[in-house]
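Before any comments, here is the structure.
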Amino acid sequence: MQFSTSLVAGAVRVSAVALIAGLLLAPASTSAQAPQADRHGRLFPPENLGLLEGPDRAAWQKPDQIMDALAIADGSAVADIGAGAGWFTIHLARRVGPNGIVYAQDVQRQMLEAIRRRVAREGLQNVETRLGADSVPNLPVGSLDAVLVVDVYPEVEERVTLLKNLASSLKPSGRIGIVNYKPGRGGPGPSPDEGVRVDSASVERDARAAGLRVLSRQVLPYQYLLVLGR
């Protein structure tokens, strides 16, 4: 996952850190991955994965609200872009059920290894990991009902290219969900001083340039959600 190291630094419990440490240190299983990861300058350090596991995250992240907005249901085929330690991947996998599939994508192999261990620990069999690059997500073409991009978009260099590539992975009625922290101070996200908060208007301009339109806009406690489609 691409993100700032200051994320929710004060909100993490030892249990969450211990969980992620266990995922990183356990022996890795093998899984075929496609392209080499993009060498991006702001990659989130795998050793800080525990920072993504704050015990109150569900309260402010609103995973059910986000999945509802994307019409994710039993049997859906979805992707989690910049999946990190797999926090949202697990929520998605439970929502789509055994008849659905979740592609957990990241640009760092260590993140994907942690996700595979977490998925195995949860007893889930509907998650497939994918190694991608900055704007090349490595997803199956024309097969997804929804793609979710949470807290990663500001770190992508070629954003319009990313949106075009994500759109190519969608079914005709598929949706893309972009979740970013609101500009300004407040919340558990990165500091505005770090230059990694993008306003919704910028995302909407990128969407138009990629041939997409905004289907809906929603406000979360610290973030905004834009749902994009053709």
Ordered by packing density, taken as the mean number of other Cβ atoms within 10 Å over each peptide's residues, highest first, how do 216-229, 138-151 rank? 138-151, 216-229
Looking at the calculated P(r) for the range 131-230, what percent of the C-alpha pair distances fall above 20 Å? 34
Amide proton proximity set for Arg130, modelled H, under 5 Å, gap of 5+: Ala104, Gln105, Asp106
Long-range amide H contacts for Ser143: which residues qualify at under 5 Å (H placed 1.01 Å from N, peptide plane, sequence gap of 5 or more or a different chain)? Leu170, Lys171
Rg (one decimal) and Dmax (whole number) from the Cα set of the range 68-215, in Å, equal 14.9, 44
Add +1 for every Lys or Arg and -1 for every Asp or Glu among the other residues with Cβ under 12 Å from the Cβ of Ile115, and state the total. +1
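All other residues with a Cβ under 13 Å from the Cβ of Glu204 taken together, and with Lys, Arg as +1 and Asp, Glu as -1, what is their net charge?
My count for the surroundings of Glu204 gives +3.
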If you take all C-alpha pairs in the range 58-134, what percent of them are over 15 Å apart? 50
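FYI, it's all coordinate maths here, none of it is from the lab. All figures in this text were calculated on a predicted structure; none of them were measured in a lab. Ideal geometry is used to build each Cβ from the backbone, glycine not excepted, and the neighbour counts take in all protein chains shown.
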